[in-house]
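Below: one structure, written as structure tokens.
The values are calculated or read from the model by the stated rules, or taken from the named source; none is laboratory data. Because the structure is predicted, anything quoted here is derived from the model rather than measured. Cβ sites come from the backbone with ideal geometry, for glycine too, and all protein chains shown count toward neighbours.
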Amino acid sequence: MSGDAFIIDQGWSSYTAEEHQTWKRLYERQRALLPGRACDELIQGMDDLDIGAEGIPNFDDLNEKLSKTTGWEVVAVPGLIPDEPFFELLSRKKFPAGNFIRKPHQLDYIEEPDVFHDVFGHVPLLNNQVYADHMQAYGFGGLRAKDHGTVKNLARLYWYTIEFGLMNTKNGLRIYGAGIVSSPGETIFALDDPSPNRLQFDVMRIMQTDYIIDDYQQIYFALDSFEQLYKETDIDFEPLYKQLKAENKTYQVDALAKTDVIITRGTQAYAKAKKTA
Ligand code: HBI
Ligand code: FE
């Protein structure tokens, strides 16, 4: 099924004053945390696209700017959509964003990506050419993964980069993954908490690593640059998929392997405390 079938109107003029107010609360809280914590490319994209100081952005305004830079387009969808149309939209440089916003009592946790997560978290980097090119390539890769039965493995790559990725910079570790960028709690946790393991980016390792969707991550992977992400994934994945099938191995979220290049070895104290709670 084509991704276009899931596209709806953003309905920007229907947002209520309370909904814009929710965005502004989230925006102000999170924007203040980013300097010194988010990578330069992300802050640059947020400033260049002028994302959100006034309330929920109008996708038409974002698209006017994106059309002149990377040619990407933000399209509204009602929530999570199936993998195939999701990949198909990315392959055509269309980023599906939820058009709804969380309720005031859900400021810190939501089950489905809303307009704050999707636009504040993901859209700034769509203004960066290398990141944008990677996202398109990922879309094509996703469509191919369907034929190999390896969408689950490829989705882990998305999870540990686009959603929860860290970057090594000359000024230290920085966040760029949208799941972190849109969460004040995880922004601090991902960078400063002694609990999680932090490893150097490794495509095969990531594709063999489980992930948790309902709490802070227990493992993060750090890239050196978006060029690295683009280069190391702009390849024929077929041999990797063969190897995955041959090895048939899954790392749990708190596991380390002999071959891991460790940036910080986590105590896992946060996850252990949760378990006994
Ligand atoms: N749908 N709206 C939306 N947003 C996503 O991030 C998304 C999705 N559908 C599928 C999906 N992500 C995942 O399968 C990807 O991580 C691969
Ligand atoms: Fe997301």
Note to self: Need the failing condition index for Asp50 against (1) of a type outside the set (Gly, Ala, Ser); (2) out of contact with any helix residue (DSSP H, G or I) (no Cβ under 7 Å at 6 or more places or on another chain); (3) within 23 Å of His134 (Cβ to Cβ), just the number.
What the structure shows: (3)
Check: Which number in (1) within 11 Å of ligand 1 (Cβ to nearest atom); (2) surrounded by 22 or more Cβ atoms within 10 Å (Cβ to Cβ); (3) of a type in the set (Phe, Trp, Tyr) marks the one condition that Tyr176 misses?
Finding: (1)
Item checked: Residue list for segment 189-235, restricted to those being β-branched (Val, Ile, Thr), exposed (fewer than 15 other Cβ atoms within 10 Å of the Cβ) and closer than 27 Å to Gln30 by Cα -> Ile212, Ile213
Note to self: Can you pull out every residue in segment 93-136 that is touching a residue at least 12 places away in the same chain (Cβ under 8 Å), away from ligand 2 (no atom under 14 Å from the Cβ) and in a helix (DSSP H, G or I)?
What the structure shows: Pro104, Asn127, Gln129, Val130, Ala132, Asp133, His134, Gln136
Next item on the list: For Phe87, indicate whether it is within 12 Å of ligand 2 (Cβ to nearest atom), of a type in the set (Phe, Trp, Tyr) and touching a residue at least 12 places away in the same chain (Cβ under 8 Å).
Entry: no
Notebook entry, point to check: Looking at segment 54-84, which of its residues are in contact with a helix residue (DSSP H, G or I) (Cβ under 7 Å, 6 or more places away or on another chain) and without any contact (Cβ under 8 Å) to a residue 24 or more places away in the chain?
Noted result: Glu73
Margin query: Could you go through segment 73-86 and let me know if any residue there is assigned to a loop (DSSP other than H, G, I, E, B), within 18 Å of Ser182 (Cβ to Cβ) and not basic (Lys, Arg).
Written below: yes
Item checked: Test: Asn153 is of a type in the set (S, T, N, Q) and either within 11 Å of ligand 1 (Cβ to nearest atom) or crowded, with 20+ Cβ neighbours inside 10 Å (or both) -> yes
Item checked: Unmet requirement for Leu33, which otherwise passes all of (1) part of a loop (DSSP other than H, G, I, E, B); (2) over 19 Å from the mean Cα position of the chain (by Cα); (3) surrounded by 15 or more Cβ atoms within 10 Å (Cβ to Cβ) -> (2)
Check: Within segment 137-162, how many residues turn out to be in contact (Cβ under 8 Å) with a residue 60 or more places away in the chain, more than 12 Å from ligand 2 (Cβ to nearest atom) and either acidic (Asp, Glu) or assigned to a helix (DSSP H, G or I) (or both)?
Finding: 12
Next item on the list: From the list Leu42, Leu90, pick out the single residue that is away from ligand 1 (no atom under 16 Å from the Cβ) and either surrounded by 19 or more Cβ atoms within 10 Å (Cβ to Cβ) or within 22 Å of Phe189 (Cα to Cα) (or both).
Entry: Leu42
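Conditions (1) within 15 Å of ligand 1 (Cβ to nearest atom); (2) under 18 Å from Asp118 (Cα atoms); (3) within 13 Å of the chain's Cα centre (by Cα), marked per residue:
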position	(1), (2), (3)
Thr161	yes, yes, yes
Asn171	no, no, no
Pro184	no, yes, no
Phe189	no, no, no
Thr209	yes, no, no
Ile212	yes, no, no
Lys231	no, no, no
Asp234	no, no, no
Glu238	no, no, no
Item checked: Scan of segment 87-122 for residues that are modelled with pLDDT of 95 or more, within 16 Å of the chain's Cα centre (by Cα), over 14 Å from Glu19 (Cβ atoms) and of a type in the set (Asp, Glu), ordered by number -> Asp118
Margin query: Which condition from (1) at pLDDT 95 or above; (2) part of a loop (DSSP other than H, G, I, E, B); (3) among the charged types (D, E, K, R) is the one that Lys68 breaks?
Written below: (2)
Margin query: Every residue in segment 250-277 that is of a type outside the set (Asp, Glu) and closer than 13 Å to Asp202 by Cβ, please.
Written below: Tyr251, Leu256, Ala257, Lys258, Thr259, Val261, Ile262, Ile263
Next item on the list: Tell me, please, whether a residue that is closer than 30 Å to Gly149 by Cβ and within 11 Å of ligand 1 (Cβ to nearest atom) can be found in segment 61-74.
Entry: no
